[in-house]
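Notes follow the structure.
Read-outs throughout are calculated quantities, based only on the coordinates presented, and are distinct from any laboratory measurement. Values in this document were obtained by computation on a predicted structure and should not be read as measured data. Note that we place each Cβ from the backbone using ideal geometry, even for glycine, and neighbour counts take in every protein chain shown.
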Amino acid sequence: MNPVELKYSKDHEYARVEGNVVTFGITDHAQHSLGDVVFVELPEEGDTVTAGKSYGTVESVKAVSDIIAAVSGKVVEVNTQVMDSPDLLNSDPYGEGWLIKVEADDLSPLDSMMTADGYETFLAQEEH
């Protein structure tokens, strides 16, 4: 089940909003589709990311996937633990497997993201 407090993208990424800080990660569906994650490339603290643009990659045994920023802003925290132990993306994508935290310039891009229910519906349609 996908946590209800998060927002979801069609790229199978999530955004957790706390004030103007947004935590990015990949969904359980994404990690399941990717298979075993072997490498994660993330920006550095202090870098800026742009909504709708790639800010890093997740590499698995099956593929290399770009990860797309939900909002624009400055990276205020990077989960270095996930870079050292990429399997955290598989074992705990909504917890220990988060990727980066961004101080958002503007939260409005989140309005176009899906709720947990909307994401469930999207997944069901995608599978057909």
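In segment 1-48, which GluC sites (Glu not before Pro) fall in coil by DSSP and have 14 or fewer other Cβ atoms within 10 Å?
Glu5, Glu44, Glu45
Calculated from the structure, percent of Cα pairs over 17 Å apart equals which of (1) 66; (2) 53; (3) 59?
Checked against the structure: label (2).
For the chain, what is the charge dipole size about the Cα centre, in debye to the nearest 20, if Lys and Arg each add +1 at the Cβ and Asp and Glu each add -1 at the Cβ?
Computed about the Cα centre, the dipole is about 200 debye.
May I ask you to derive the relative contact order of the chain, considering only C-alpha pairs under 8 Å and at least 6 residues apart, and to give it as an integer percent?
Rounded, it is 31 percent for the chain.
List the lysines whose Cα lies under 20 Å from the Cα of Lys7, skipping any in the same chain that are fewer than 8 positions away.
Straight-line reach from Lys7, under 20 Å: Lys53, Lys74, Lys101.
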